[in-house]
Amino acid sequence: MFFNNTDKRYNRFSDHLRNLYGVKVYKVTLDAGFTCPNRDGTISNEGCIFCDNGGSFSQLYPHDISIKDQLDLGIQLSKDKYKAQKFLAYFQAYSNTYKPVNELREIYDQALSHEDVIGMNIGTRPDCVDNEKLDLIGDYTKKHYVWLEYGLQSIHEKSLKFINRGHSFETFCHALKETQKRNINVCAHVILGLPNETKKDMLETAKVLGDLGVNGVKIHLLCVLNNTRLVKLYYQGKVPMMEEDEYVETACDFLELLPPYVTIHRLAGNGLKPNMLAPGWLSKKFVVLNKIDKLLEERNSYQGSKIISNI
Ligand code: SF4
């Protein structure tokens, strides 16, 4: 089975967008000056063990400028480089619902008033939303294409504790339910290769997310970025890195357990090369993605094939 009129055996978000809008749609990453309760001392001041000083921001161009200037810059770059024609404002750095509702409205309005922007993706923590904020975001869905991206990383409490997430899986489930009530698309971020997780544990995360009805999944591999607490644990030998083939196999198994309608927002990669310490093989991201395509082809399987064959 192929997706979005391509030769991909999984439902890649970029292809889904092209199908939806008929042109290349690109996410422009933004730093809107948020912080995070897991860094500012409200929950902890240490942050998640994999998070660097940028709050998981992945853009190299300047981000201490206005939202409009960031959008102008990002849009021009992606028009030149990717021939993109429509754009999603991606609030990526830190927790992008972690301000009072009136301030959130101002921030989101700034992005959505840009003539080239058709919608937004808001990255946040599941404990940083409430009914009022979700009502606000839900309202935007009437005129715009809107996603909430919740950092979850794993459904297993032992892992959430190890990475110092500072919230439980139950908190995620509650936020998800409230978000779904308002017809907002939800993307869950997960990390494969967390220490103490077996392959069975990782695949359980796929099954559960499918059962919960998330609309999208962003799959990361655990990697060590400079200036994170993971660095010390890595050098102490307490955090073994997944090998490339192991990751490729696990990612394919993971995809086979996700329902076909779930869009895949990312399948490998976390962090920009200059900032990444390990694993080295991840710097060749396209090699990894090609290996995933190849293995799905060899297996003659596709996203959701294990669910569908069990019905
Ligand atoms: S919740 Fe996000 S921004 Fe906050 S510490 Fe964790 S990864 Fe970093």
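The values are calculated or read from the model by the stated rules, or taken from the named source; none is laboratory data. Note that the structure is predicted; figures quoted are calculated from it, not measured. Counting neighbours? That spans all protein chains shown, and the Cβs are built from the backbone with ideal geometry, glycine included.
Results, tabulated for the structure shown:
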item: Long-range neighbours under 6 Å by Cβ, at least six apart or interchain, first residue free of Cβ contacts under 8 Å to residues at least 40 places away in the same chain within segment 112-127, second buried (at least 17 other Cβ atoms within 10 Å of the Cβ) and among the hydroxyl-bearing types (Ser, Thr, Tyr); result: Gly119/Tyr145; Thr124/Ser95; Thr124/Thr97
item: Filter pass, Ser309 being modelled with pLDDT under 95, touching a strand residue (DSSP E or B) at 6+ places or on another chain (Cβ under 9 Å) and among the hydroxyl-bearing types (Ser, Thr, Tyr); result: no
item: Every residue from segment 64-80 that is without any contact (Cβ under 8 Å) to a residue 24 or more places away in the chain, assigned to a helix (DSSP H, G or I), out of contact with any strand residue (DSSP E or B) (no Cβ under 9 Å at 6 or more places or on another chain) and not acidic (Asp, Glu); result: Gln76
item: Conditions (1) at pLDDT 95 or above; (2) surrounded by fewer than 23 Cβ atoms within 10 Å (Cβ to Cβ): number failed by Leu225; result: (1)
item: Of the criteria (1) of a type in the set (Ser, Thr, Tyr); (2) at pLDDT below 95; (3) under 16 Å from the mean Cα position of the chain (by Cα), which one Ser283 fails; result: (3)
item: Number of positions in segment 153-185 that are on the phi < 0 side of the Ramachandran plot and either surrounded by 23 or more Cβ atoms within 10 Å (Cβ to Cβ) or among the polar types (S, T, N, Q) (or both); result: 10
item: Top-ranked residue in segment 235-244 [being in contact (Cβ under 8 Å) with a residue 40 or more places away in the chain and surrounded by fewer than 18 Cβ atoms within 10 Å (Cβ to Cβ); ranked as farthest from Phe286 (Cα to Cα)]; result: Lys238
item: Boolean, Asn38 is surrounded by 19 or more Cβ atoms within 10 Å (Cβ to Cβ), within 26 Å of Tyr302 (Cβ to Cβ) and among the polar types (S, T, N, Q); result: no
item: Answer from Asn102, Asn45, Asn19 - the residue that is within 16 Å of the ligand (Cβ to nearest atom), free of Cβ contacts under 8 Å to residues at least 40 places away in the same chain and loosely packed, with under 15 Cβ neighbours inside 10 Å; result: Asn45
item: Options Tyr150, Tyr145: the member that is crowded, with 18+ Cβ neighbours inside 10 Å and away from the ligand (no atom under 16 Å from the Cβ); result: Tyr145
item: Subset of segment 109-141 (residues that are assigned to a helix (DSSP H, G or I) and either aromatic (Phe, Trp, Tyr) or in contact with a strand residue (DSSP E or B) (Cβ under 7 Å, 6 or more places away or on another chain) (or both)); result: Ala111, Leu112, Pro126, Ile137, Tyr140
item: Some residue of segment 166-186 being without any contact (Cβ under 8 Å) to a residue 40 or more places away in the chain, assigned to a loop (DSSP other than H, G, I, E, B) and within 16 Å of the ligand (Cβ to nearest atom); result: yes
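One line per residue, one yes/no per condition, for (1) within 14 Å of the ligand (Cβ to nearest atom); (2) buried (at least 19 other Cβ atoms within 10 Å of the Cβ):
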{"residue": "Lys83", "(1), (2)": "no, no"}
{"residue": "Tyr94", "(1), (2)": "yes, yes"}
{"residue": "Glu106", "(1), (2)": "no, no"}
{"residue": "Ala111", "(1), (2)": "no, yes"}
{"residue": "Glu115", "(1), (2)": "no, no"}
{"residue": "Gly119", "(1), (2)": "no, yes"}
{"residue": "Ile122", "(1), (2)": "yes, yes"}
{"residue": "Asp127", "(1), (2)": "yes, yes"}
